[in-house]
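**Student:** Quick one: the structure is below, questions incoming.
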Amino acid sequence: MNPTLFPWMIAVPLGVSPLVYLVGRLGVGLNFRFRFAQALALLALLATWAVFALSLGQFTAQKAILPFGLEMIWLTADGLSFLLAAMVLGLGTFAVLFSGPYIAGEIGEEKYYAMLLAIMGIMIGLGCANDLFNLWVWFEAMAVSSYLLVAFYRERSASLEAGMKYLVQSAIGSVLVLLGISLVLGQFGTLDMDKIRALAATSAAGGLGLALAGALFIIGFGVKVAFVPLHTWLPDAHSQAPSGISAMLSGVVIEAGLVAMLRALSTLGGFSISWGVLLLVFGALNMFFGNFMALRQTQIKRMLAYSSLSHIGYILIGLGITLFNGEPAGAQGAAFHLFNHMLMKGLAFFAVGALMFALLDKNGIHRPLEIGDLAGAARKYPLAALTLSIALLALGGLPPLAGFMSKWQIFVAGFQGSNAWLMGLAIFAAFNSVLSLAYYAPLVNMLYRRKVSVVVEQGASIPVSMSIPLVALAAAIVAIGLWPALMNGLTEPAALAFLGMFGK
Amino acid sequence: MTLTILNAVLFSVVLLLAVGFYGLLITRNLIKIVVVLQTLVKAAIMALVLAGNTSGNPGLGQSAAATVLVADTVVAVVALALAVQVRRRAGTLDIARISTLRG
């Protein structure tokens with residue numbers, strides 16, 4: 001029997017993170033030109049990738065959940081954990097690579113890579129947590145590190161305001177989650193998720209307490225996932241953070257919150273249909289409101305932030321369909337869309353960040369990038385404009401790209417079993433997808449078909465290390481769009497893990 | 001409902017939550033918001049200890065409560081550090097006067 005490898009996916013980034021800080025500190029003190037902190041962070045991520053590949057191999061060979069326990073820490077790796085780990089590593093590696101020139105010379109540059117590495121380890125850990133309280137601790141640790149990364153530009157008051165807003169709303173959410181956990185603990189006397197699941201499935205009594213705990217979980221974690229009435233921190237945080245962090249927040253952090261919510265809800269048992277209905281309602285609300293608000297934005301990063309809301313909506317619809325009819329198709333579509341959204345939104349934020357860096361930051365202008373600033377940018381920045389257009393069109397769900405494939409899976413799942421409500425929702429989702437093109441298409445038009453603006457004419461060039469993530473992510477979006485079966489190895493186990501969690 | 005110790009703890013949890021949420025509604029000063037958040041977390045900590053006791057597993061509830069204390073202190077430190085920076089940049093702690101991000 002081979003030793004269990006997957007805890008090293010968590011231990012390596014978390015363990016190297018303080019070292020990265022020390023090395024960065026020394027580098028700043030001695031004024032090195034070479035970014036040692038970034039190089040060390042990348043090395044650690046390469047090691048984590050190796051562990052990921054090995055433990056994924058172990059997982060597929062054993063076809064069973066891998067357990068691990070150390071004192072009070074209980075971890076299990078199932079399909080959902082591996083999906084989240086793949087997303088975190090996939091985007092995180094590029095975020096570290098991308099951030100090199102972007103944050104060079106900022107105050108606290110050495111802390112940035114350390115925090116980024118730490119939050120990645122924490123999110124992989126969150127995906128593996130198998131104890132309700134452990135789950136909360138991972139969740140809170142993720143929240144604290146993301147507050148610091150959002151408020152990274154501490155000399156800009158807008159960035160501080162966004163960080164503060166995020167902190168206060170998230171902190172209230174985590175108090176509600178704690179109250180939910182104490183309700184569960186008071187009822188069952190244990191925090192082990194498997195035991196709670198077994199107890200909740202057998203005991204008919206205490207339905208009210210469990211329903212209340214579920215509501216608290218939905219509201220509490222819902223702040224982090226940006227369920228619509230609880231989303232107000234999101235556009236501010238995403239637009240004010242450094243672009244690498246915006247990509248991480250939108251592509252992975254809110255999804256990690258969603259995984260935490262699903263894990264917590266799944267233990268409560270007996271209500272899976274009603275949770276499904278709730279997810280569908282929030283999904284519809286998020287889709288429509290996100291698209292509607294995105295239409296009105298003039299700042300690009302704010303527009304992308306609102307579009308994250310609508311994409312969370314599609315994912316919720318997929319999950320809700322599975323909870324409603326018990327078929328794995330919806331959850332598999334949702335898992336696929338989770339992964340694709342990471343690629344697409346990550347690429348969009350990286351491309352916008354690269355343009356923002358070249359057009360504004362490099363010239364000492366610190367203001368948000370407006371849509372009008374990008375007029376004719378394709379002539380001077382063909383690569384950034386092409387990759388941004390690929391990301392936007394994929395987000396809008398144009399056929400040969402990745403975003404279409406996963407949305408299509410969700411729509412098809414809605415039509416299985418011919419329930420009129422689900423079919424209606426799938427049509428509503430498709431309608432929303434068309435609506436979203438109303439704000440993606442004008443931006444592409446702006447890039448290619450307008451006269452070159454003054455800002456673009458004065459812009460600096462984009463460094464190579466920023467272009468590598470753009471090309472790689474764009475290639476992944478096209479490849480997955482052409483061969484969607486590539487992702488089945490990750491999405492199928494994730495959908496099965498999801499069904500297993502909810503006891504189907 | 002007689003006044004046993006458990007009931008008294010339950011009552012104080014509800015009271016702290018009520019004070020906390022009321023405080024959130026009326027407070028506009030950032031430092032006071034941090035204090036109010038602390039009040040809410042203290043309610044959750046008492047709820048955890050109470051839940052551990054009523055379910056016959058007091059050690060679990062108490063160890064969870066101690067962990068929450070640590071995590072919560074970290075959040076408070078970060079929040080206060082942000083508040084200090086806000087005061088330095090904007091010259092005020094009133095959230096109504098520093099708010100620029102809308103829509």
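Read-outs: derived from the displayed coordinates by stated rules, not from any lab. Note that this is a predicted model, so its numbers are computed, not measured. Here the Cβ is made from the backbone with ideal geometry for all residues, glycine too, and neighbour counts use every protein chain on show.
**Student:** Which FRET efficiency value, to the nearest 0.05, is calculated for A:Val452 and A:Arg156 with the Förster distance at 30 angstrom and r the Cβ-Cβ distance? Mind dumping the intermediate values first?
**Tutor:** On the way: r = 29 Å, r/R0 = 0.95.
Efficiency for this residue pair is about 0.55.
**Student:** Right, next: Report, to the nearest 10°, how far helix A:207-225 tilts away from the longest principal axis of the Cα atoms in chain A, using its own Cα long axis and a range of 0 to 90°.
**Tutor:** Long axis of A:207-225 versus the principal axis of chain A: about 10 degrees.
**Student:** A further question follows. Please name whichever of A:His311, A:Ser467, A:Met344 sits farthest to the positive end of the charge dipole of segment A:271-504, dipole taken about the Cα centre and charges placed at Cβ: Lys and Arg +1, Asp and Glu -1.
**Tutor:** Sorting the options by dipole projection puts first A:Ser467.
**Student:** Taking the 0 to 90 degree range and rounding to the nearest ten, how far is the long axis of helix B:58-90 tilted relative to the main principal axis of chain B, both from C-alpha atoms?
**Tutor:** Long axis of B:58-90 versus the principal axis of chain B: about 10 degrees.
**Student:** Once the Cα gyration tensor of segment A:186-268 is diagonalised, what are the square roots of 5 times its eigenvalues, in whole Å and ordered largest first, as equivalent ellipsoid semi-axes? The partial results should precede the final answer.
**Tutor:** Values: eigenvalues 211, 35, 11 Å².
So the equivalent ellipsoid measures 33, 13, 7 Å along its semi-axes.
**Student:** Same structure again: Taking chain B, how much of its Cα-Cα pair set, in percent, is spaced more than 24 angstrom apart? If you can, show how the numbers build up before the last one.
**Tutor:** Numbers: 1980 of 5253 pairs.
I get 38 percent for the Cα pairs in chain B exceeding 24 Å.
**Student:** Next question. Angle, helix A:7-30 long axis vs. longest principal axis of chain A, Cα atoms, 0 to 90°, nearest 10?
**Tutor:** That helix lies at roughly 30 degrees to the long axis.
**Student:** Sort A:231-237, A:356-362, A:179-185 by the packing proxy (mean of other Cβ within 10 Å over each peptide's residues), most packed first. Could the numbers behind the result be given before it?
**Tutor:** Working: A:231-237: 24.6, A:356-362: 21.4, A:179-185: 26.4.
Listed from highest to lowest mean packing, they are A:179-185, A:231-237, A:356-362.
**Student:** Here's a follow-up. Alpha carbon centre of segment A:393-419 versus segment A:44-110: separation in Å?
**Tutor:** Going from one Cα centre to the other spans 28 Å.
**Student:** Sum -39500 (n - 2.57) across every DSSP H segment of at least 4 residues in chain A, then divide by the residue count to get the 222 nm mean residue ellipticity, nearest 500.
**Tutor:** -26000 deg cm²/dmol
**Student:** Let me ask something additional. Find the lysine pairs in chain A meeting two conditions, Cα atoms under 16 Å apart and a separation of 8 or more places or different chains, and report how many there are. Show your work: numbers first, answer last.
**Tutor:** Details: A:Lys165/A:Lys224; A:Lys301/A:Lys345; A:Lys345/A:Lys407; A:Lys362/A:Lys380; A:Lys380/A:Lys451.
Pairs that pass both the separation and distance tests number 5.
**Student:** OK, next. Once the Cβ-Cβ distance between A:Ala441 and B:Val9 is put in as r, and R0 is 60 Å, what FRET efficiency do you end up with, to the nearest 0.05? Walk me through the numbers on the way to the answer.
**Tutor:** Details: r = 59 Å, r/R0 = 0.98.
Step by step, r from the Cβ atoms, then E = 0.55.
**Student:** Let me know the whole percent of all Cα-Cα pairs from chain A that are separated by more than 34 Å.
**Tutor:** Numbers: 39507 of 126756 pairs.
Distances greater than 34 Å cover 31 percent of the Cα pairs.
**Student:** Right, another one. Consider just the alpha-carbon atoms of segment A:271-504 and return their Rg together with their Dmax, both in angstrom.
**Tutor:** Just the Cα atoms of segment A:271-504 yield Rg and Dmax of 18.7, 59 Å.
**Student:** A follow-up question, please. Does anything in segment A:272-302 have its amide N under 19 Å from the 7 Å Cα→Cβ label point of A:Ile365, and if so which residues?
**Tutor:** Residues A:298-302 fall inside that zone.
**Student:** What range in chain A is the longest one free of GluC sites (Glu not before Pro) that are in a loop by DSSP and have at most 12 other Cβ atoms within 10 angstrom?
**Tutor:** A:156-504
**Student:** Taking each residue of A:154-161 in turn, how many C-beta atoms of other protein chains fall within 10 Å of its C-beta, and what is the average? Mind showing how you got there, number by number?
**Tutor:** On the way: counts 7, 3, 2, 9, 4, 4, 10, 9.
The mean count of partner-chain Cβ atoms within 10 Å per residue comes to 6.
**Student:** By how many nm would the segment from A:Ile273 to A:Ala61 lengthen if fully extended, with 0.36 nm per residue of separation less the alpha-carbon distance?
**Tutor:** On the way: separation 212, 0.36 × 212 = 76.32 nm, distance 3.28 nm.
Contour length minus Cα-Cα distance gives 73.0 nm.
**Student:** Out of the trypsin sites (Lys or Arg not before Pro) in segment A:237-338, which ones are loop residues according to DSSP with at most 14 other C-beta atoms within 10 Å? Each step should come with its number before you reach the end.
**Tutor:** Numbers: sites: A:Arg263, A:Arg296, A:Lys301, A:Arg302; in loops: A:Arg296.
Qualifying residues, ordered by number: A:Arg296.
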